[in-house]
Amino acid sequence: VCLTCCSRDVMVKIDQICHKNSIKFFTGDVFGYHGYMFADLGEHEFVEEKTKVAKVSPGVEDGPDTKKAKLDSSETTMVKKRVVFCQLKEALAVDWSGEKAKTALKRTTPDYFLLQ
């Protein structure tokens, strides 16, 4: 479900319905130069391709680059990952007065507060 130009209450209500029924939910809007997008994908599983790191044998090469691990682009592994998304209601109910929230505030874009 994709929503735009809806009130906060409508977005929260539809997200709760979608989350309960395991339906993916996206919402967003734009206000001039600023905008927001929120995604509730519930429990989302995906596969990520990782490049293997080749270990350098000691004594084979000389110089400062020998200590750095080298990426071997020919060998990759597939890693299965799982992400659990929060609901819109939880994302909007963050308590910004705690110590943990103060450090998160530095990494939070000001556009987050457009929803507030």
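Scanning the range 50-80 for residues that are among the charged types (D, E, K, R) and either modelled with pLDDT under 90 or closer than 30 Å to F113 by Cα (or both) yields K50, K52, K55, E61, D62, D65, K67, K68, K70, D72, E75.
So that you can scan it fast, the table gives a plain yes or no per residue for (1) β-branched (V, I, T); (2) more than 30 Å from M78 (Cβ to Cβ); (3) in a loop (DSSP other than H, G, I, E, B); (4) within 20 Å of the chain's Cα centre (by Cα):
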| site | (1), (2), (3), (4) |
| --- | --- |
| L3 | no, yes, no, yes |
| C6 | no, yes, yes, no |
| V10 | yes, yes, no, no |
| Q16 | no, yes, no, yes |
| F26 | no, no, no, yes |
| D29 | no, yes, no, yes |
| M37 | no, no, no, yes |
| H44 | no, no, no, yes |
| V47 | yes, no, no, yes |
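Residues that are more than 21 Å from M37 (Cβ to Cβ) and surrounded by 10 or more Cβ atoms within 10 Å (Cβ to Cβ) within the range 83-95 are absent altogether.
The values are calculated or read from the model by the stated rules, or taken from the named source; none is laboratory data. Keep in mind that this is a model prediction, so the values were computed, not measured. We place every Cβ from the backbone using ideal geometry, glycine too, and count neighbours over all the protein chains shown.
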